[in-house]
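Below is one structure, written out as structure tokens; the observations come after it.
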Amino acid sequence: MNFSEFISTLEETLVDYCRVDLLEGKMIFVVEDGDIYSDNLDLKGKIADQFDDGGIRQAILENHLDRLTFKDFVKTLMECGVVSYTIHLSGRKVIYFGKHGDCVYENLRSKPDAVRPPALGTSTVQ
């Protein structure tokens, strides 16, 4: 499974929000009706002291090109100093956090059949 497939699984199970804590090795899921679930991660390795913004962006790119498994993606994030990340499915964003408040965010790809809401100043006229 890669990260994109993981996101699809979250969407299929009606998860609205997912927080992944790499320090504790735990995932916390909040579903659309407000129920909260958690699961443990089997993590190996250590989290780097320095937050590597460029390395995280490269891992995101590799993920978009389907070159990394979910496990390899998480390992790379740890090597780049990520301590946690939050997936906001309704807002279509992932925010990656470092030890010192550093962060990088990623816009998630739209669902294949989704209609994007028009941005301010744009038109949907065809």
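The values are calculated or read from the model by the stated rules, or taken from the named source; none is laboratory data. Treat the numbers as computed from the prediction; the structure is a model and nothing was measured. Using ideal geometry, Cβ is built from the backbone for each residue, glycine included, and neighbour counts are taken over all protein chains shown. The protein model used for the area step is the full one, side chains on, heavy atoms only, and it has no ligands, DNA or RNA in it. Shrake-Rupley method; radii C 1.70, N 1.55, O 1.52, S 1.80 Å.
Miscellaneous remarks
- The range 42-69-the range 84-102 distance, computed between alpha-carbon centres (Å): 13 Å
- Relative to the longest principal axis of the Cα atoms of the chain, the long axis of helix 3-12 makes an angle of roughly 60 degrees.
- Size descriptor for the chain, Kirkwood hydrodynamic radius: 15.5 Å (Cα pairs only, one decimal).
- Helical mean residue ellipticity (222 nm; -39500 (n - 2.57) per DSSP H run of 4+; nearest 500) of the chain: -7500 deg cm²/dmol
- Residues whose placed amide H lies under 5 Å from that of Cys80, excluding near-sequence neighbours: Ala48
- Under 12 Å from the Cα of Lys99 - aspartates and glutamates, other chains or at least 8 residues apart: Asp21, Asp49, Asp52
- Cα long-axis angle, helix 53-64 against the chain (0 to 90 degrees, to the nearest 10): 60 degrees
- Placing pseudo-labels 7 Å out from each Cα toward the beta carbon at Asp21 and Ile36 gives an inter-label distance of 1.0 nm.
- The angle separating the long axis of helix 70-79 from the principal Cα axis of greatest extent in the chain is about 60 degrees.
- The trypsin sites (Lys or Arg not before Pro) found in the range 17-91 that occupy coil by DSSP, while having at most 15 further C-beta atoms within 10 Å, are Lys44, Lys46, Arg67.
- Solvent exposure of the range 7-51 amounts to 66 Å² per residue of accessible area, where only protein heavy atoms count and the probe is 1.4 Å.
- Shown here for the range 1-51: GluC sites (Glu not before Pro) in loop regions (DSSP other than H, G, I, E, B) with at most 15 other Cβ atoms within 10 Å, namely Glu24, Glu32.
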